[in-house]
1. State which residue is surrounded by the fewest Cβ atoms within 10 Å (Cβ to Cβ) when the search covers only segment 295-328 and only residues that are within 19 Å of Gly225 (Cα to Cα) and small (Gly, Ala, Ser).
2. Among the listed residues Asp367, Asp388, which satisfies the condition of being within 17 Å of the chain's Cα centre (by Cα) and surrounded by fewer than 24 Cβ atoms within 10 Å (Cβ to Cβ)?
3. Can you name the residue in segment 66-120 that is open to solvent by 10 Å² or more (accessible area, probe 1.4 Å) and polar (S, T, N, Q) and is also modelled with the lowest pLDDT among such residues?
4. Take segment 50-96 and flag every residue that is of a type in the set (Lys, Arg) and closer than 23 Å to Thr36 by Cβ.
5. Does Ala263 count as modelled with pLDDT of 95 or more, open to solvent by 80 Å² or more (accessible area, probe 1.4 Å) and closer than 25 Å to Asn248 by Cα?
6. Could you please find all residues in segment 354-370 being part of a helix (DSSP H, G or I) and either over 21 Å from Ala227 (Cα atoms) or modelled with pLDDT under 95 (or both)?
7. Please state which one of Arg287, Arg257 is of a type in the set (D, E, K, R), free of Cβ contacts under 8 Å to residues at least 40 places away in the same chain and open to solvent by less than 70 Å² (accessible area, probe 1.4 Å).
8. Could you list all residues from segment 423-461 that are among the acidic types (Asp, Glu) and either surrounded by 16 or more Cβ atoms within 10 Å (Cβ to Cβ) or at pLDDT 75 or above (or both)?
Amino acid sequence: MTAINSVAVLGAGTMGAQIALHCANAGVPALLLDMTADLARQGLEKARKLKPDPQFTPDAWKLVTTGGFDTDLDRLAACDWIMEAIVERLDLKQQLLARVDEKRRPGSIVSSNTSGIPISALAEGRSDDFRRHWLGTHFFNPPRYLRLLEIIPAADTDPSVVAAISRFGDHTLGKGVVVAKDTPNFIGNHVALYGVARTLEVLASGKYTIEEIDAITGPALGRPGSATFRTMDIAGIDVLAHVLRNLNERLPGDADRAAFAVAPLVEQLIAKGALGEKTGKGFYERRKGASGESEIWTLDPATLEYRPKQSARIASIEAGKTIDDLGERVRALFHARDKAGEFLRATLAPALVYTARVTPEIAHSIDDVDRVMRWGFGWEAGPFELIDMIGVKEVLAATDAASHAMQGGVPPLMASLLEARVPRFREGLVKPAAADLQILRTAKEQGRVIKKNAGASLVDLGDGVIAVEFHSKMNAIG
């Protein structure tokens, strides 16, 4: 298996610089290049100031050296893994990768951090050795904190290269690795953006405020406190539009493409320069109050003006705060006869059905889809886990038979359960995938728990390393 002891990252933007720093966090020297050495230095300095901090320790950056494409591409010959992370344009990436092909040494691994450009298209015209050692490596932002790493092999990728990057991502960088198929926007962004598109449609109806939707789609549903609209502000509304357009242009069916059309509200916000957190306003606006303290105001979609933030008062959400079990809470919200239930039946149900329909095309297993959404988006339960919580029949009953999600009828994955009269995926015809590569989980599954009690476990990780895993609330030491 290829050893990875040095990494080069091409492109010192927000993602490239943070990925280089995360390699440094793991003790792996990283070469960070951009158009010029000055741009690479500026990108690194900007990344070091980000919050949350991309570094484990204040001096981690000292393992990162900078340079320029104009002066330092020869240094790629000394790197075991070269990752391209420049702007999302096929032509520019191909031009840079042609130069990389000339400078890399045979056997070195080359990848792209693209979030949606076909991995196979990027390698067109490259040498045979390049194509054998070529794949996609899609990190999620911020790469230090979000566990997911989607690995996307191309048709010519040597399986040993996938194994090497998977092991390095898992054991060295601490990532949750999922191997995805080379389809538009891979797994995570494809699944997530379908739900976002349905949510924007419901917002346009005027029946819900932004605060109400975020109250429904946040911790109540087992998702981060940033919920839907705050998450879009953090990611960037221009980035959201870019991903939607990519799906709208590249998916094979007309109906599927139409389902990812960019909402008029998103186009209007981009035209106004309201791109989210990076411009200070998007779906929410950060402004100074009369006392000088920061206040959060909320967009009124009807007027495109901002107003003081309002509390969302939805009875089932309030009642759900007393339900600790996520499955029980999700079922209660889904069936609620108030705004929360109506919203989830109109958006979550079709999103779950759509996910079941496209999963065989984009992923190798339903477990991979669930892992992607948990690790990349902070969901407590992935789409198939949510279907199991609610029930296959209940999800289908809430989805209009004429809706886009039901195009072609009941998805085969769901139909197979109904035919076998099996209520849940995890008890039915679809078997869980093999154990993932995470060291601690794998060691526990292999029975290497030395001792345990209610508060902690002592686990043999191999290589002379023992881990203490705490089970107590908030990891308190008893």
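The values are calculated or read from the model by the stated rules, or taken from the named source; none is laboratory data. This one's a predicted model, so the numbers in the text were calculated from it and none came from an experiment. With ideal geometry, Cβ positions are generated from the backbone for all residues, glycine too; neighbour counts draw on all protein chains shown. For accessibility, only protein heavy atoms count, side chains too; no ligands or nucleic acids. Shrake-Rupley method; radii C 1.70, N 1.55, O 1.52, S 1.80 Å.
1. Ser311
2. Going through Asp367, Asp388 in turn, the sole match is Asp367.
3. This residue is Ser115.
4. Within segment 50-96, Lys62, Arg75, Arg89, Lys93 qualify.
5. No: the conditions fail for Ala263.
6. Once the filter is applied, which keeps residues that are part of a helix (DSSP H, G or I) and either over 21 Å from Ala227 (Cα atoms) or modelled with pLDDT under 95 (or both), segment 354-370 yields Ala356, Arg357, Val358, Thr359, Pro360, Glu361, Ile362, Ile366, Asp367, Asp368.
7. Arg257
8. Asp436, Asp460
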